[in-house]
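What follows is a single structure, and I will ask about it in a moment.
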Amino acid sequence: MNDHPTRGELEGFVWNRLPSERVRAVVAHLVRGCAPCRALLVEHFCGLIGAGEPPEVMLSPQEESSYDNALDRAFAFALHKARKQEALTFLSDPSLEGLPEVPSHLQGVPLFEALLERSWSLRHESPEQMVRLADWARLLSEQLKPEELGDCQVSDCQCRAWMELGNAHRVADELEEAEKALGRATELFLQGTRDELLAARLFDVQASLYGGCRRFDLAATALDLVFAIHRRRGDKHLAGRALIKKGTYLGYQGEAEEAIFLIAEGLRLVDERRDPRLVFLAIHNQTSLLVDCGRFREARMALFDLKRRGIDPGGRVNELKVRWLDGYINAGLGELERAETALREVQQGFEGMELGYKAALAGLQLGAVLLRQGRNDEASREVLAASDVFIALGIGREAGASLLLLRDAFKQRMGDAALLDYVIRLLRGLDAAPPTAEPSSQD
């Protein structure tokens, strides 16, 4: 290096404030024996021997302004979050029938945000209350003042409110209402800032609605847009989530191999600490798809990975679903005694929870295992008992005729494994509700 380092660079060298490549250049200059630069280091002698404190950094006016703006944003965010948390305390009563009175400093945006968060938290336990709180947020958004927030920002808030109300209607199986709400959300999105993250959330909720209507092809298209937005923004986790969700929908379309590939790609991108529930659903669905493809050894490895992670499955039903996969995999690998044990546990577990459809389906699968063991009388009892449950539940036209054929064939002792396996696959497909794959929090 022919040019001398500046006085500021020498100070930065002493106090470790230089980029590494510039440090190397300064060191190379000093070791050549530059007397003037060595002399300038004398005033920083205490720093060189680690006995001094670094001088206060002097900022330019532009840097100081940027620093102040950053601090203002940080304080504003912290205050906003604190107020939202305070507002949430007024919404903690599960029997809440009317919008509570809250202090004036929590009115407006803090209460609006709290209502959306509380509504979202109820999606698994009370869809009806989820809808009610989202509708309150919608009413509140219409009272926000453009002169305080700006016209576009108010439209964004109203878009969020209608969008989450639509999602709540979807969760409550009110699909027509959900479609209307998302239509209004789209109108408001076009009137607002057209923020990319807001667009990604809108497309994501629309994909879930398409899934609820079993339009999985349209859901996949919407999720392609969600993936593109998050990938462009550098959010690997949400990009991976979109891939997992798309893969799950492809699985429901019967495209198991492509679905397995997409879910694996998504799992490579998501952060388990950020949303362990998503990872649980992804690996569970991946395992189920591997079973459908007859790839039982890979399915066993995937299920072992799921158990190894120790993720909370989120309730007894999901615990039984994992055990159900054990039964499927054991049967596929010819380990029939282990399969029988697992399927009996699953059948009894669902019966204890009064989930008749799932218990009867496990009973049919148990019958198939018993049939393979040559225990024909026991197999017939299980198949006939399960068939009676399905008929009592009023199975739809897709499986009704096949189920009657199965029941009568086993009554006449003419039932065979091929017919039983076909009906099991048919009923298993009907039992697979469209997936939500929603994150545990609204990212």
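Classify segment 302-404 from the C-alpha gyration tensor, please: rounded if a/c falls under 1.5, else prolate or oblate depending on whether a/b exceeds b/c. Could you put the intermediate results ahead of the total?
Values: a/c = 2.19, a/b = 1.34, b/c = 1.63.
Here segment 302-404 falls in the oblate category.
Among the trypsin sites (Lys or Arg not before Pro) within segment 202-235, which fall in a DSSP loop and have no more than 16 other Cβ atoms within 10 Å of their own Cβ? Walk me through the intermediate numbers first.
Working: sites: Arg214, Arg215, Arg231, Arg232, Arg233; in loops: Arg214, Arg215.
Within segment 202-235, the qualifying trypsin sites (Lys or Arg not before Pro) (loop, at most 16 other Cβ atoms within 10 Å) are Arg214, Arg215.
Could you provide, to the nearest whole Å², the per residue accessible area of segment 207-286 with probe 1.4 Å? Could you put the intermediate results ahead of the total?
Details: 3420 Å² over 80 residues.
Per residue, segment 207-286 has an accessible area of 43 Å².
What is the distance in Å between the Cα centroid of segment 130-177 and that of segment 189-248?
Here the two parts' Cα centres lie 19 Å apart.
Shifting gears a bit: What length, rounded to one decimal in nm, is gained on full extension from Asp421 through to Lys307, with 0.36 nm per residue of separation minus their alpha-carbon distance? Please report the intermediate quantities before stating the final value.
Working: separation 114, 0.36 × 114 = 41.04 nm, distance 2.76 nm.
Contour length minus the Cα-Cα distance gives 38.3 nm.
Accessible area of Lys236, 1.4 Å probe, to the nearest 10 Å²?
That residue has around 140 Å² of solvent-accessible surface.
Glu272 to Arg194: extension gain in nm, 0.36 nm per residue of separation minus the Cα-Cα distance?
Once the chain is fully extended between Glu272 and Arg194, it gains 25.1 nm.
Using a 1.4 Å probe on the protein chains only, how many percent of the accessible area of segment 333-388 belongs to carbon and sulfur?
Values: 1100 of 2470 Å².
C and S fraction of accessible area: 44 percent.
Oh, and also: Got a number for carbon plus sulfur as a percent of segment 161-263's accessible area, 1.4 Å probe? Kindly include the intermediate steps, with their values, before the conclusion.
On the way: 2230 of 4400 Å².
Ligands and nucleic acids excluded, carbon and sulfur reach 51 percent.
The values are calculated or read from the model by the stated rules, or taken from the named source; none is laboratory data. All values derive from a computational prediction rather than experimental measurement. Every residue, glycine among them, receives a Cβ derived from its backbone with ideal geometry; neighbour counts consider all protein chains shown. Quick note on the areas: whole protein, heavy atoms, side chains included, nothing else; ligands and nucleic acids left out. Shrake-Rupley method; radii C 1.70, N 1.55, O 1.52, S 1.80 Å.
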